[in-house]
Amino acid sequence: MLTKALQRVACAALLVVLLVGVTSSQSTAPLPATWTNNKRMFLDWLITGCANYQTSPSGCSISDHHSEYEGYDGFYNNLAKPDLGAVDTPLLRLLPPAYSDGVYRPAWRPVNPITASVTTMTGPSGQLSNGGKTALLVFFGQQVVEELLDAQRPGCPPEYFNIKIPANHSFRTHAPKLEELPLLRTRYAGNTGYSPGNPRQQLGKGFPAGNDQRLPMANPPAPTNHSEYLQHQSTARVNRFFKLGNPRGNENPFLLTFGIVLFRWHNAIASRLHDLKPSWSDERVFNEARKWVIATHQSVVMYDWFPKWIRQDLPPYAGYRPTVDPQVSHVFQSAAMRFGHTLVTSGVYLRNKASEGCLTVPYDLSFSRTLNDGGPKHSAGVRTCNSFWRSPELFLKDMVHRDLRGNVFGPLEFSRRDLMAINIQRGRDHGLPDYNTARKHFGLQTLSSLDPGEYKRVTQTNVSDEVLRRLQEVYGDPNMTDIWPGGLLETRLYGPGQLFTNIIKDQFERIRDGDRFWFENTNNGQFTDAERQRIRQVNLIDILLTVADITLSDIQPDPLTAVSDLNDLPQCRRQLVANTSCVVFFPNNSRTPLPPPVTHPPGWAGPPPEVLPRNSVRTTCHYLPPLGASNLEPCSPASTFDYFTGSAASFIVTFVAVAAAGVALLTTMILLSRWKQAERARTVTSTIKVNENGIAAKERVSHIESRFVVVEFHTGDRRINVRAPSGSLLRTVDLQHLEVLTVRHLADCRSIIISAQHHYDLYLKFSDNVQGHKLVSVLKKFCEDTNITPEFREESVLTINKGVTTNKQRAQELAAFSRLVLSESFEEKNYFLSNTMFRLMDKDQNGFILLKEFWDVMVLFARGSLEEKARLIFNIYDVSQTGLLRDTDLEAVVESMLGSEGKSRDIQMIVNNILESVNLTRGEAITFQKFFELFSGNEGVLKNINLQAARESNVRKRPERFSIYGLMREDGANSKQQPRQKTGRALDDPAFDRVNEVAAKEEAKTEEPDSSWRGFLKAMARRLYNHQVYVWWVVIYTFVMLLIFAERAYHYSVEREHGGLRRIAGYGVTVTRGAASAMMFTYSSLLVTMCRNLLNAIRSSFLHRFFPIDYMVSLHRYIGNWALVWTIIHIVGHSINFYHIATQTPPDLSCLFRDYFRSTHVLPKFHYWCWQTITGFTGVLLTLQCAVIFVFAYFARRYYFKLFWFTHNTYPIFYLLTILHGSGNLVQPPFFHYFFLGPAILFTLDKLVSTSVNTVKIDVIEAQHLPSNVTLLKIRRPPNFSYQAGQWIRIASLAISEQEYHPFTLSSAPHEEHLTLHVRAVGPWTSRLRKEYPDKATVSLKKGFRYPKIYIDGPFGEGHQTWWDYEIAILVGGGIGVTPFASILKHIAHCSQQPTFQIKTKRVMFLWVTNSQRQFEWLTEILNEVEEQDNRGLIRNHIFITQFKNKFDLRTIFLYLAERHFQRVSGTSLFTGLKAITHFSRPSFPAIFRAVKEQYSFASKIGVFTCGNPSLSADVETACRDVNGDDGDVIFKHYYENF
């Protein structure tokens, strides 16, 4: 209660206020008692200077001048240094940094923070304040701190500085039973922490409407609701909070209280300003109100709260000092200002107003009780530890709290933490030095030890000796003591100790003096002198009474000080039953007069008067009963949380589903391909004509090779014949001497293996089980009729292929055997064994060859005379074994040679030619003597005849003697001179003969390869040189690609080692980011390889020498394979990264992925990241599309070209998804465009060029159906269509599909009027083309018929068109691959007729490799035209018929002799009618190339151009590599195109 004297003074003052305040302006603030019933009166006085402005405005005024308003972030507060003291700028480091590495690593101390907290900061709760402090004073201090800095916001990216939990601590022994207490390091300036001279610097910084807009306010989980969060897998929604400027303003009820108070204070001032100045705009009203709120808040903090906090007044304000740095210091933020943590109460009472009896209201948070639910209340008040982040619940029920050590709120994975230990750890995080260093900096005496006596003497603390002894036991040395415990234990009876007082006072003085917008600054134009005086008098009680529905009957005049006789609350005094002696501090501007000091009369014999701090008075303070563990609900226990909970199912399902989709797609395509193969097999077998004992099947002759056959069972001869569809006999399984036949088969009989002793296995496959079961039935009947016992064995798919000996394997075994025998027995290495020799070798006709029988024939070949060898050949041709060769025997021999391709007319012509050569006619028999005359002049044939076994060896093969360049005399010259032709070309051209001679010599050589490392390196060097441009670009491309990968890997391993996803996923991010960049590079590069028009333009210029234009398909595949590799690495890496992401805390993820906004109550699971983010969702789509593209590219191109074409042309979607994938900024800002834009622009322009061409419909003038399923299309040449010989175009038929293009080489020459294409029907599209464009002979009968038009895209170039760049060019065509060379040859022949035609090329050798003579009949006209026009003799043509591929068939001799005889007589080929030489075997490319190399040694480079199947290209490539490995300077450069 106030004393009577003070009551009289107060009444007198009130009377004065009442009398004066209504008539004139006031310079002294009206006492609250005079205006609590008219709250507008105080605002009128504050703003205008009159207590009642509207009724008596004389002498009062409202400032109407504009002034600079203070910014929102502190920038440009100091005009000389705009960022001084601004938000998000480094804290002020008053003390030297003590980082362990001098730069950024936290300071090291040997003491565990939890140990220090438990040991030195544990005490009973519920003690009364000896300094007259109230809870309001403490929590207003938190509001002040929140205005000054953001002390709890973690850094981004997150850096964990966890605290080890001692073994016996409750956090280890009870829930959450973890080993570390998680703690994130705070934010820091990104431009600091790189060197000792620049160490890390931390950064500084109604009711309100509900947060319905979900502003990003802090929303940690309330510890009391932890079990609920576990159940629902989400925390409380952020919209339960009030919208306040402080993101953490809803943390606890008191902090929220001051947020609401200031919110209402602003609205009250704004409302009054609007009433007083209705002409002002809303913007000006807001800013003027904000100016007044800032000023009054400054006054309350600095002159009402601050002196009562540290028990000292600040020095008088001397004006703004721009040289003062107002920034918050580290030591203030990390230690001194945390002194208030020690004053926080365990709980807070809720009580009614004085008019309601001031009764307290119990409240229970942990059991979710409310005031009106009727349930029992377990707590006398609000328990601090249970109120965190539940503040709005109290306010919405008109209620208002907090305890800390060991029970402060924490993250969801560690719901309770030790705030004192965190304070210690935070100081180390900020690199604060030791306790002694801090005292020394602030001019305080340092300690030599932590002895309690010395500690008390130096610091003048009132802390007990027991606590100081524990401090000494824990730390031992003041130079190793953290500032927080050292400064905290300096605490004196009435307030903070020396160190913290100095730090706090220094901080607030700098804030005041360094603020250009400080309300007392007379130079900033903010306020008039009168306004500044009024603001200076505002206290916290004025604001509270203005905005709250309370009066002085409900709250004491000074709410920051306890109720006492000097600060009474009469109507509630009876509830304040806890009394204690306290010392109350009176600031200089206190409205309550300082009582006179207590004096004693003279002669006082009692104790001396108590010496109190200045402006302090001892009195009795009255409180409600202390709250503690005995009368409060218990704190909810600590709990933990596994963030991966709820993600396991979606994680497994997603990756299993995606992997299963890929496997299913792959399996489906493989099965469909096999089905297509079977379907084709069924189609072929259905066309095969078989007799009643025959069954059509497919024989497997090797692991990868098979053929269609007809299996015939002959009961009388006890044999099984295997014939080709044409009827020719392929093999016979003789069962004369067998009693048991083994048959292995699958359950459905689709695969059957017939095994007979002394025979290799007959492995048959069927397209359906019907044919398979039919064969089994026929086979059983056959065995029954022949008395053979069949042994049927049913096997599985996994075992049936084991132990099978196929035709190929048997041939290899026999070849190996023959080589072994010859190498040991003969001087010359000859190779032998032929099925056609079986009859001669099997002398006893028992069906098997003995070693002696085999040996006799070998001796004859190796050492026999010419006559003996001729006799052997004669016996082979003597099929009837009569000793005479009749014309029927010769026809049978020739027919067997020509096979199904032979026609009766051709066979008879060949036989007549043979008979004519020995002066015989039809019907006359040939004796051995006449037959021997055939070799007159051709003795070389017999001398060099051999049998050659196919083998796989490193030894260079010795080719057939009579298969290529002409019969050679022993001296190497031709047997006869050929007559000169009218074209000027001589068949006996010396240069041409020289090549033949050298080639023959090369064939006779059997060189051992150089197997040394030197030879290997030499061959490799030659090979690299041959493809130097391609190799160079591949190496450069690979190096750049790996460099791109390494750059990103280094960036995330070193430069961002502590940043972003790298912190939580480790080196997985290093790999995935590197792979991602490599993917961007490879997928973008693929577009360049598809710019056909650009590549064609480069090819036609000198630049083709520097770019691998001829290898673009190979380069496309190479890049594509790398892209697939990087894609797989990226996917696998992200499967690991996504797991790590799903285990992280939501705040960390919000930091790392700032572009992925979500409600703060949401706990993002794996399915959120994978399916609800654009990065994750597009990643899944890209994975699936990538699988589709690559699977169809590898497995569908042959059988399902349309699907391949369609899926490959989805690349625009792929690139679009890639752009969207990176646009999410999940890990880094998107930079795919850096790789993509250049190639995309080139590709787009290239496409536009193609589109401008292929949108014109072109007429097809004529179509011819040629042999071997070849279709000739004659196309009208579009206007301005220019091309070079050897180029190709893409065509789309309107009759099939306007969008499906296929490439074909132009067989027409540039000088021709029309374009021609030769298309072989080998697939669905080409077969359809043959049907849609019938032969001209057929359509001539149809009136008005017109061929469907086509689209043309091109022309495009290939390596073949660069033949003119070489002095010697060798063109090798296989099958339909002759088309580019037909164009080139016609072009050369045409140009050679031009007198002015000059060309670098001196010789063009054209080698055509074809299976039979019938396959090139359609080319006869073209080659004949070339031969006629080639008047310069540039071109040499050679045709190789490879159907006689059995190297043991000696009948080739007969055919060869007939061809050579006819050529000598007529000068043309017997089979083609051309001057080109026809050879009956495969070409020996090494011999050819060595001959050319020796003959044309003047050429440094020889161009070899191949177009055919891959095996032909491989043979030519191998030959080039072998020849380039020889000594010499001539290099063979090989260009090839496969079909």
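Please go through segment 462-491 and give me each residue that is among the polar types (S, T, N, Q) and modelled with pLDDT of 90 or more, ordered by number. Answer for segment 462-491, where residues must be among the polar types (S, T, N, Q) and modelled with pLDDT of 90 or more: GLN472, ASN479, THR481.
Can you spot a residue in segment 1227-1247 that is touching a helix residue (DSSP H, G or I) at 6+ places or on another chain (Cβ under 6 Å) and polar (S, T, N, Q)? No, segment 1227-1247 has no match at all. Condition check for SER590 on (1) crowded, with 18+ Cβ neighbours inside 10 Å; (2) outside any loop (DSSP other than H, G, I, E, B): one failure, at (2). Open to solvent by less than 10 Å² (accessible area, probe 1.4 Å), over 46 Å from the mean Cα position of the chain (by Cα) and modelled with pLDDT of 80 or more - does that describe any residue in segment 1346-1364? The answer is no, given that none of the residues of segment 1346-1364 is open to solvent by less than 10 Å² (accessible area, probe 1.4 Å), over 46 Å from the mean Cα position of the chain (by Cα) and modelled with pLDDT of 80 or more.
When HIS232 is tested against (1) buried (at least 18 other Cβ atoms within 10 Å of the Cβ); (2) modelled with pLDDT under 80, only condition (1) is not met.
Which one is surrounded by the fewest Cβ atoms within 10 Å (Cβ to Cβ), of the residues in segment 1366-1393 that are of a type outside the set (Phe, Trp, Tyr) and within 18 Å of CYS1520 (Cα to Cα)? Working first, answer last.
Narrowing segment 1366-1393 to residues of a type outside the set (Phe, Trp, Tyr): 1367-1380, 1382-1393.
Cutting the leftovers down to within 18 Å of CYS1520 (Cα to Cα) gives us 1367-1374.
Working: GLU1367: 17, ILE1368: 22, ALA1369: 26, ILE1370: 25, LEU1371: 25, VAL1372: 29, GLY1373: 26, GLY1374: 25.
Out of the qualifying residues, it is GLU1367.
Among the conditions (1) under 22 Å from GLY1373 (Cβ atoms); (2) under 47 Å from the mean Cα position of the chain (by Cα); (3) of a type in the set (A, V, I, L, M, F, W, C); (4) modelled with pLDDT of 85 or more, LEU1272 misses just one, which is (2).
Quick check on segment 282-327: of everything there that is assigned to a loop (DSSP other than H, G, I, E, B) and either of a type in the set (Ser, Thr, Tyr) or in contact with a Leu (Cβ under 6 Å, 6 or more places away or on another chain) (or both), which residue is surrounded by the fewest Cβ atoms within 10 Å (Cβ to Cβ)?
Restricting attention to segment 282-327, the residues satisfying the condition of being assigned to a loop (DSSP other than H, G, I, E, B) are 311-327.
Adding the requirement that they be either of a type in the set (Ser, Thr, Tyr) or in contact with a Leu (Cβ under 6 Å, 6 or more places away or on another chain) (or both) leaves 317, 320, 323, 325, 327.
Details: TYR317: 16, TYR320: 19, THR323: 10, ASP325: 16, GLN327: 25.
Among them, the one singled out is THR323.
The residue list HIS330, HIS401 contains one member that is open to solvent by less than 10 Å² (accessible area, probe 1.4 Å) and modelled with pLDDT of 70 or more, which is HIS330. Checking each residue in segment 1252-1288 for being part of a helix (DSSP H, G or I) and either within 16 Å of HIS1302 (Cα to Cα) or open to solvent by less than 20 Å² (accessible area, probe 1.4 Å) (or both) picks out VAL1253, ASN1254. All of (1) closer than 30 Å to PRO613 by Cα; (2) surrounded by fewer than 17 Cβ atoms within 10 Å (Cβ to Cβ); (3) of a type outside the set (Gly, Ala, Ser); (4) under 47 Å from the mean Cα position of the chain (by Cα) hold for LEU148 with one exception: (2).
The residue pairs whose first member lies in segment 316-341 and is under 21 Å from ASN436 (Cβ atoms), whose second member is at pLDDT below 85, and whose beta carbons are closer than 6 Å, counting only pairs six or more residues apart or on different chains, are GLN333/LEU149; GLN333/ALA151; MET337/VAL145.
Taken as a whole, the structure leaves SER1511 outside the set of residues that are within 18 Å of MET1405 (Cβ to Cβ) and open to solvent by 50 Å² or more (accessible area, probe 1.4 Å). The set of residues from segment 1166-1205 being at pLDDT below 85 and under 22 Å from MET1090 (Cβ atoms) comprises TYR1194, PHE1195, ALA1196, ARG1197, ARG1198, TYR1200, PHE1201, LYS1202, LEU1203, PHE1204, TRP1205.
Residue-by-condition table, conditions (1) modelled with pLDDT under 85; (2) assigned to a loop (DSSP other than H, G, I, E, B); (3) surrounded by 20 or more Cβ atoms within 10 Å (Cβ to Cβ):
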position: PRO557; (1), (2), (3): no, yes, yes
position: THR580; (1), (2), (3): no, no, no
position: PRO596; (1), (2), (3): yes, yes, no
position: PRO602; (1), (2), (3): yes, yes, no
position: GLY606; (1), (2), (3): yes, yes, no
position: PRO613; (1), (2), (3): yes, yes, no
position: CYS621; (1), (2), (3): no, no, yes
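The number of residues in segment 443-502 that are open to solvent by 30 Å² or more (accessible area, probe 1.4 Å), among the charged types (D, E, K, R) and within 57 Å of the chain's Cα centre (by Cα) comes to 3.
Are any residues in segment 174-202 open to solvent by less than 30 Å² (accessible area, probe 1.4 Å) and not in a strand (DSSP E or B), and if so, which ones? Before you say what the answer is, go through the steps one by one.
Taking segment 174-202 as the starting set, the residues that turn out to be open to solvent by less than 30 Å² (accessible area, probe 1.4 Å) are 176, 181-183, 185-187, 189, 192-193, 199-200, 202.
Answer for segment 174-202, where residues must be open to solvent by less than 30 Å² (accessible area, probe 1.4 Å) and not in a strand (DSSP E or B): PRO176, PRO182, LEU183, ARG185, ARG187, ALA189, THR192, GLY193, PRO199, ARG200.
Residues in segment 1292-1337 that are touching a helix residue (DSSP H, G or I) at 6+ places or on another chain (Cβ under 9 Å), hydrophobic (A, V, I, L, M, F, W, C) and open to solvent by less than 50 Å² (accessible area, probe 1.4 Å): 10 in all. Pairs are defined by a Cβ separation below 7 Å, a sequence spacing of at least 6 or placement on different chains, a first member in segment 472-492 that is among the basic types (Lys, Arg), and a second member that is outside any helix (DSSP H, G or I) and open to solvent by 30 Å² or more (accessible area, probe 1.4 Å); the pairs so defined are ARG492/GLN460; ARG492/ASN462. Tallying residues that are assigned to a loop (DSSP other than H, G, I, E, B) and either within 27 Å of ASN250 (Cα to Cα) or of a type in the set (Val, Ile, Thr) (or both) within segment 130-173 yields 14.
Here is a yes/no grid of residues against (1) at pLDDT below 65; (2) within 53 Å of the chain's Cα centre (by Cα); (3) under 15 Å from ILE1384 (Cβ atoms); (4) surrounded by 19 or more Cβ atoms within 10 Å (Cβ to Cβ):
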{"position": "ASN1411", "(1), (2), (3), (4)": "no, yes, no, no"}
{"position": "ILE1422", "(1), (2), (3), (4)": "no, no, yes, yes"}
{"position": "GLU1425", "(1), (2), (3), (4)": "no, no, yes, no"}
{"position": "GLU1428", "(1), (2), (3), (4)": "no, no, no, no"}
{"position": "GLY1433", "(1), (2), (3), (4)": "no, no, no, no"}
{"position": "ARG1436", "(1), (2), (3), (4)": "no, no, yes, yes"}
{"position": "PHE1440", "(1), (2), (3), (4)": "no, yes, no, yes"}
{"position": "LYS1445", "(1), (2), (3), (4)": "yes, yes, no, no"}
{"position": "ILE1453", "(1), (2), (3), (4)": "yes, no, no, yes"}
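Filtered by the rule that a residue be within 19 Å of TYR1301 (Cβ to Cβ) and open to solvent by 30 Å² or more (accessible area, probe 1.4 Å), segment 1194-1212 gives ARG1197, ARG1198, TYR1200, PHE1201, LYS1202, LEU1203, TRP1205, PHE1206, HIS1208, ASN1209, TYR1211, PRO1212. Quick one: would you say ILE1399 is open to solvent by 10 Å² or more (accessible area, probe 1.4 Å) and within 25 Å of PHE1489 (Cβ to Cβ)? Spelling it out, ILE1399 is indeed open to solvent by 10 Å² or more (accessible area, probe 1.4 Å) and within 25 Å of PHE1489 (Cβ to Cβ). Selection over segment 278-310 of residues that are out of contact with any Lys or Arg (no Cβ under 7 Å at 6 or more places or on another chain), closer than 15 Å to ARG532 by Cα and among the polar types (S, T, N, Q) gives a count of 2. Of ARG1099, ARG1056, ARG1073, ARG1048, all but one fail to be among the charged types (D, E, K, R) and more than 22 Å from THR1175 (Cα to Cα); the exception is ARG1099.
The values are calculated or read from the model by the stated rules, or taken from the named source; none is laboratory data. These numbers were taken from a predicted model, which means no experiment stands behind them. Neighbour counts run over all protein chains shown; Cβ positions are idealised from the backbone, glycine included. Keep in mind that these areas ignore ligands, DNA and RNA; they rest on the heavy atoms of the full protein, side chains included. Shrake-Rupley method; radii C 1.70, N 1.55, O 1.52, S 1.80 Å.
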